[in-house]
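Report on the structure given below.
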Amino acid sequence: MENINSVIRDAVSSIQSLDRKRSSFAKKVFPFLERDLSGFVSDELLEQKLVFPVKKSSLDCSVAGIDSGFVSKEFLALDLTLVRGMGSVFDYKNNKVEKAHYFPNFFSFPTPYLSNRALEIDEFACSKSIRRLLVEIGLAKEIVEKCRPEFCFLDGSIVPQYPDKPRSDSTIKDFYHEMIFAFQDLYRAAEKNNCILLGCVEDSRGSRFRSILQKEILEKEGISSSEIDDCYDAILLDYLLKQGERSMAFRYSNEIAKHPVLMDFEKKFAEQVHAFYLKPVALDRPMRIEFLHSSQNSFSEFTDKIAGIVFALSCLHREYAFPSILIEADLHARLKSEEIETVYQKILDKLGRSVNIRMRRSNRPF
């Protein structure tokens, strides 16, 4: 018991120490928040300030939100995954929801997917994620083309993540490339239908903003910043942003050819992916917003337009900042483990005792 108490004390002490260091470091950065950055020669600084005030937009538009839920079960010879994609479309007029639409329906049964391929543990985890993303991105494309919302929100990044990419010798490489094509098809559909595609990352572990701040500003000013080398953007910006402010926007990656996922995209789309952080409420951390930007639009004006809409949709609760359209989609897409257990038991009942497909860990007598 004493060992546990010691670990708890050490954890609390470490967290408090980090908080003091970061709070102290933030004071070094405060003078730069109002400073014009045009004096810094850098391709990474796309805007002239580190922080901008955001004006909450009036909601008179159509907004879509897409999310998906999935659960999976491993058998001895095959794997079962249930996926439910859900899209919500709100038509706003004078800041109120005039109509709400749900795709495919207000309630829909999850779609089962069976795989009898001999997959390694890492491949199985990767294939589940790819399957979920294919359902989600396919539904987003359908909604963009049918409903033509002005904004389409995805729960999470608008780019697949590194864990979604299988190793080079994997048997599911083609499945991965199918997902890459699906993402690019969504980008094309959004562009064709004048829809602004946005990704909202609830708990981001990105560090691009911090890296740009360190290398392109502080280092050139001779200011040491080693105490935040392991600090995520959202944590650092929680000290720097006030409610109703956003960070400067930046490219998703400064080395597309070396990025493990963007390197697989067409250069046109890889170069369009950008991000910024927004703090919609006082008692929650900043949220990462990702978007596509082409040279047709003024960069800062376009970013401000996005920030204003996200701000209006994400400030309904003082302790939780997330777009209401995505909260609605999540509530309808969410799956419980009991749902796949029901399917699992029905399969076992049909098979009877003649075939044993249970994993050994499921048969433990103790």
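Out of the residues in region 331-342 that are touching a residue at least 12 places away in the same chain (Cβ under 8 Å) and under 20 Å from ASN105 (Cβ atoms), which is surrounded by the most Cβ atoms within 10 Å (Cβ to Cβ)?
ALA333
The set of residues in region 31-42 that are over 28 Å from the mean Cα position of the chain (by Cα) and either part of a helix (DSSP H, G or I) or free of Cβ contacts under 8 Å to residues at least 40 places away in the same chain (or both) comprises PRO31, PHE32, GLU34, ARG35, ASP36, LEU37, SER38, GLY39, VAL41. Residues in region 331-350 that are touching a strand residue (DSSP E or B) at 6+ places or on another chain (Cβ under 6 Å) and assigned to a loop (DSSP other than H, G, I, E, B): 2 in all. Among the candidates GLU290, GLU328, the residue that is within 17 Å of the chain's Cα centre (by Cα), assigned to a helix (DSSP H, G or I), of a type outside the set (A, V, I, L, M, F, W, C) and surrounded by fewer than 24 Cβ atoms within 10 Å (Cβ to Cβ) is uniquely GLU328. Residue selection: LYS49 fails the criterion of being over 30 Å from ASN193 (Cβ atoms), surrounded by fewer than 14 Cβ atoms within 10 Å (Cβ to Cβ) and not acidic (Asp, Glu). When region 121-136 is limited to residues that are out of contact with any Pro (no Cβ under 9 Å at 6 or more places or on another chain) and modelled with pLDDT of 90 or more, the one that is surrounded by the most Cβ atoms within 10 Å (Cβ to Cβ) turns out to be GLU136.
Here the condition is being of a type in the set (A, V, I, L, M, F, W, C) and out of contact with any strand residue (DSSP E or B) (no Cβ under 7 Å at 6 or more places or on another chain); of ALA234, ALA275, ALA257, ALA249, it holds for ALA257 alone. Please determine whether any residue of region 310-331 is closer than 30 Å to GLU74 by Cα, of a type in the set (A, V, I, L, M, F, W, C), touching a Ser or Thr at 6+ places or on another chain (Cβ under 8 Å) and at pLDDT below 95. No, that holds for no residue. The set of residues in region 43-67 that are within 21 Å of ILE228 (Cα to Cα), in a loop (DSSP other than H, G, I, E, B) and not acidic (Asp, Glu) comprises LEU45, LYS49, LEU50.
The values are calculated or read from the model by the stated rules, or taken from the named source; none is laboratory data. Keep in mind the model is a prediction, meaning the values are calculated, not measured. Positions of Cβ are backbone-derived with ideal geometry, glycine not excepted, and every protein chain shown enters the neighbour counts.
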